[in-house]
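Reading through the structure tokens given below for one structure.
The values are calculated or read from the model by the stated rules, or taken from the named source; none is laboratory data. Since the model is a prediction, treat every value here as computed from it, not as a measurement. Cβ sites come from the backbone with ideal geometry, for glycine too, and all protein chains shown count toward neighbours.
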Amino acid sequence: MTADNPALSRPELPGDPFGLVRHHGEEPEPEAPLDGRSNRWALLRLALVVAAVIGAAYAAGVGETVLLVGFLVACIVAHELGHFLTAKAARMKVTEFFVGFGPRLWSVRRGETEYGVKALPLGGYCRIVGMTNLEEVDPADEARTYRQRPVWRRLTVAVAGSCMHFLIAFAVLFAMFAGTGDVSGYLPVPADSPIVAIVALAHGQSPAQKAGFRLGDQVEAVDGHHFETFAEMKAFIVARPDTRLSVEVDRHGRLLTLHPRTVNLETVAIKGVGAGATRVARPTGFIGFEVSSVVHSSLGASVLHAAGDWWHISAETLGAFGRLLTLHGIQSYFHLLSSPSAAAHPGPHSVRFESPVGIVVLLHRAAGAGLAWVLYLLAAINLSLGIFNLVPLLPLDGGHVVIALYEGVRGFLQRRPYHADVRKLLPVFYLAIALIAFLGISALFLDIRQLAT
């Protein structure tokens, strides 16, 4: 069933009995605004609480993690800011823009919009009137509702949130390539990257130790062969077990020639891996040095590399979502839920969502690993959020995109405006809500179980 003008066609019974699709966001009716004096005290209290939380976090040794969580919350707020700005540009009526959910801590009204902060820092929301035909709107505001704006305007509002995530991801990837260097593995590690570790064998010195390799040395050639990437050089060494090699290194601008004799990892163990154990099942040459995996780029090249890695991460994310939706992916996911050992040691193709707990753990580990890993993780999280929000199901933004496109096509064919009746989508909507809730709860279960073991 459809309604050409949803404002004039109202059901006798509520079409949305739980009230979940009437607004962009799931907040209750607006509270009465605070007076000026109370508002100033509320803002001061809020600032003191934030400062106290940050101070306590640094005192506990997790200050960087808390700041990263705050930045991630800001990214989620930026998602709503995208909706807000495009809605304002389309002259839609936006009555609220809040950071957080729950009880209001502070707010201020500017024009028709109330801006503020609420108690639970889990993101943010903006209230755009008339998102669907299920929302009752003052007739005076009907012309400024989301549902009455042109299709292209509705599309820009619907996709703006994900676009903000995509822009943030590109910006932090650019910062990684131009500033800290690539640690994602997108760029191949050059063969002449400086040596950052000398590895020992389980029994005795490694060939690198015996030959006199030092930290900071840069390998220029092996047996007269010059290599572009470290992977190519490593393959050359691996193919030559028990072989004396001539390695030319650059040591602080001075060229030296070292003569390591490779060992065979088929019969020799690396220290810390397992003394006396066989490490590989075939002859494998080994010298025993590791080079830096951080690859730096110029500013110009960083733009291209950031775009390429942005596309690469997006493709991997889409592929992971696709694998999760297959029969094998569903079976693997339930196997993770039922088997602690499978969750502790997931296979290379296992796919799962991270709960807020898991994301905080990942951010904490990234903070300990360095800024480059922080930037890469933030880019991956933002791309995942942006892509997930475009899944074509209500209440996600992708659901509004599909509805707007459908209405546009039907309106074009009928030569008059067309508005879909969202009541017909409510069963799918509640099914999507249940699925999202299941994924969130199960991800939280996996993360808490992993922390407890």
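In the stretch 11-34 there is at least one residue matching the filter, namely being touching a Pro at 6+ places or on another chain (Cβ under 7 Å) and at pLDDT below 75. Of all residues in the stretch 340-356, exactly one satisfies the criterion of being modelled with pLDDT of 80 or more and surrounded by fewer than 16 Cβ atoms within 10 Å (Cβ to Cβ), namely P356. Restricted to the stretch 98-128, and to residues there that are in contact with a His (Cβ under 9 Å, 6 or more places away or on another chain) and without any contact (Cβ under 8 Å) to a residue 60 or more places away in the chain, the residue that is surrounded by the most Cβ atoms within 10 Å (Cβ to Cβ) is G124.
Is it the case that Y58 is touching an Asp or Glu at 6+ places or on another chain (Cβ under 9 Å) and outside any strand (DSSP E or B)? It is true that Y58 is touching an Asp or Glu at 6+ places or on another chain (Cβ under 9 Å) and outside any strand (DSSP E or B).
Within 26 Å of L371 (Cα to Cα), modelled with pLDDT of 75 or more and aromatic (F, W, Y): does that describe F71? So F71 fits the description; yes. Within the stretch 405-426, residues that are in the same structural domain as N133 (by TED's automatic domain parsing) and surrounded by fewer than 18 Cβ atoms within 10 Å (Cβ to Cβ) have Cβ atoms under 8 Å from residues that are part of a helix (DSSP H, G or I) and of a type in the set (G, A, S) in these pairs: P417/G411, counting only partners at least 6 apart in sequence or on another chain. Note on the stretch 209-228: residues that are buried (at least 16 other Cβ atoms within 10 Å of the Cβ) and either at positive phi or within 37 Å of the chain's Cα centre (by Cα) (or both) amount to 4. Consider the stretch 279-304 and keep the residues that are part of a loop (DSSP other than H, G, I, E, B) and of a type in the set (G, A, S). The one that is surrounded by the most Cβ atoms within 10 Å (Cβ to Cβ) is G288.
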